[in-house]
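Structure first, commentary second.
The values are calculated or read from the model by the stated rules, or taken from the named source; none is laboratory data. Small disclaimer: the values here were computed from a predicted structure and weren't measured. Please note: Cβ atoms are built from the backbone with ideal geometry, for glycine as well, and neighbour counts cover all protein chains shown. Side chains included, ligands, DNA and RNA excluded: accessible areas come from the protein's heavy atoms. Shrake-Rupley method; radii C 1.70, N 1.55, O 1.52, S 1.80 Å.
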Amino acid sequence: MQGDIHFISGLPRAGSTLLSAILRQNPRFRAGMTGPVGSLVDGMLRNMSMSNETAIFITDQQRRDLIKAIFSTYYADLPKAHVVFDTNRNWCARLPLITELFPRAKVICCVRHIPWILDSVERLIRKNKYQPSGIFNFEPGGTVYSRVEGLAAPNGMVGFAWNALREAFCGEQSACLLALTYETLTTQPERAIAAVYEFIGEKPFAHDFQNIEFDAEEFDRRIGTPGLHRVGKRVESPGRKTVLPGDLWRKYENDAFWGDPARNPNQVRVI
């Protein structure tokens, strides 16, 4: 790759698309919603494993080169001195891999109070009442209880990301992490973005927080969840009352481990 690379990961519905929409105002930066690189890497790793009988002919050096070639090929048009932010919730679970491939890379972990993440998904489902969502395999049935249970399961959209984030916080590569809370990003965007620039070692840039828009309308339509990646024009905090039943809210309200020093043993910086 001709330019530098960093990663955006963390929890869903926690501001990663908003962060990307802000960063891409800088003409030297490329950022967007979750792209295909993460799944391409996983597919390559799987096909180079011993589940493939011909993998016996592939050395670890060749595996490394092939994985790195995915990045260099996908971002081949990135000009020199430019920076790409690749977004994928899987990156928190792939720190040993990406830190070896890109030792200077940083990972911005977007985090948010778990009940509000669950609330955000539930609101989308209720808003798109005529379109079953791909988040739940396009099944029209279920209740808020079954949907939350599915999201929070170990392999669910929220549960997997939470587990990967916790793994990253406690792992040997935690020094490359910055936790960016949704609350800071939406209420103090200047402070949030300044912290990101400082963390990745880039010179400040004057962002316009009153003129930010991003929409992946066709992508969201195809997964039956219009509005999933839509970002409004202004950075603002969505003050509202939750649609979750009280018992569901209470079940997950203590899961924001990043705010508890006792559960952040490597002292990952939290903004």
Sort out which residues of the stretch 140-153 are at pLDDT 95 or above and either open to solvent by 90 Å² or more (accessible area, probe 1.4 Å) or among the hydrophobic types (A, V, I, L, M, F, W, C) (or both), and write them in order of number.
Val144, Tyr145, Val148, Glu149, Leu151, Ala152, Ala153
Give me the residue from the stretch 223-271 that is part of a loop (DSSP other than H, G, I, E, B) and hydrophobic (A, V, I, L, M, F, W, C) and, out of that set, farthest from Leu180 (Cα to Cα).
Ile223
Out of curiosity, is Leu78 at pLDDT below 95 and open to solvent by less than 70 Å² (accessible area, probe 1.4 Å)?
yes
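Quick one: is Ile135 in contact (Cβ under 8 Å) with a residue 60 or more places away in the chain, open to solvent by 40 Å² or more (accessible area, probe 1.4 Å), of a type in the set (A, V, I, L, M) and part of a helix (DSSP H, G or I)? Write out each step before concluding.
Numbers: in contact (Cβ under 8 Å) with a residue 60 or more places away in the chain: yes; open to solvent by 40 Å² or more (accessible area, probe 1.4 Å): yes; of a type in the set (A, V, I, L, M): yes; part of a helix (DSSP H, G or I): yes.
It is true that Ile135 is in contact (Cβ under 8 Å) with a residue 60 or more places away in the chain, open to solvent by 40 Å² or more (accessible area, probe 1.4 Å), of a type in the set (A, V, I, L, M) and part of a helix (DSSP H, G or I).
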How many of the residues in the stretch 221-264 are without any contact (Cβ under 8 Å) to a residue 60 or more places away in the chain, over 17 Å from Trp162 (Cα atoms) and either among the polar types (S, T, N, Q) or touching a His at 6+ places or on another chain (Cβ under 6 Å) (or both)?
1
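In the stretch 157-171, is there at least one residue being aromatic (Phe, Trp, Tyr), assigned to a strand (DSSP E or B), in contact with a helix residue (DSSP H, G or I) (Cβ under 8 Å, 6 or more places away or on another chain) and open to solvent by less than 20 Å² (accessible area, probe 1.4 Å)? Let's see the steps before the verdict.
Pass one, the stretch 157-171, residues aromatic (Phe, Trp, Tyr): 160, 162, 169.
Imposing the further condition that a residue be assigned to a strand (DSSP E or B) reduces the set to none.
Checked against the condition, which is being aromatic (Phe, Trp, Tyr), assigned to a strand (DSSP E or B), in contact with a helix residue (DSSP H, G or I) (Cβ under 8 Å, 6 or more places away or on another chain) and open to solvent by less than 20 Å² (accessible area, probe 1.4 Å), the stretch 157-171 yields no hits at all.
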Could you grab me the full set of residues in the stretch 184-213 that are surrounded by 15 or more Cβ atoms within 10 Å (Cβ to Cβ), over 18 Å from Cys109 (Cβ atoms) and among the aliphatic types (A, V, I, L, M)?
Ile212
Which of the numbered conditions does Gly232 fail, given that it passes all the others? Conditions: (1) modelled with pLDDT of 90 or more; (2) under 17 Å from Lys127 (Cα atoms).
(1)
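So is Leu180 buried (at least 16 other Cβ atoms within 10 Å of the Cβ) and either out of contact with any strand residue (DSSP E or B) (no Cβ under 7 Å at 6 or more places or on another chain) or of a type in the set (S, T, N, Q) (or both) or not? Show your work before the answer.
On the way: buried (at least 16 other Cβ atoms within 10 Å of the Cβ): yes; either out of contact with any strand residue (DSSP E or B) (no Cβ under 7 Å at 6 or more places or on another chain) or of a type in the set (S, T, N, Q) (or both): no.
It is false that Leu180 is buried (at least 16 other Cβ atoms within 10 Å of the Cβ) and either out of contact with any strand residue (DSSP E or B) (no Cβ under 7 Å at 6 or more places or on another chain) or of a type in the set (S, T, N, Q) (or both).
Condition check ((1) in a helix (DSSP H, G or I); (2) open to solvent by 20 Å² or more (accessible area, probe 1.4 Å); (3) over 21 Å from Val268 (Cβ atoms); (4) in contact with an Asp or Glu (Cβ under 8 Å, 6 or more places away or on another chain)) across all residues:
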residue	(1), (2), (3), (4)
Ile5	no, no, no, yes
Ser9	no, no, no, no
Arg30	no, yes, yes, no
Gly35	no, yes, yes, yes
Ser39	yes, yes, yes, no
Ser49	no, yes, yes, no
Asp86	no, no, no, no
Leu97	yes, yes, no, no
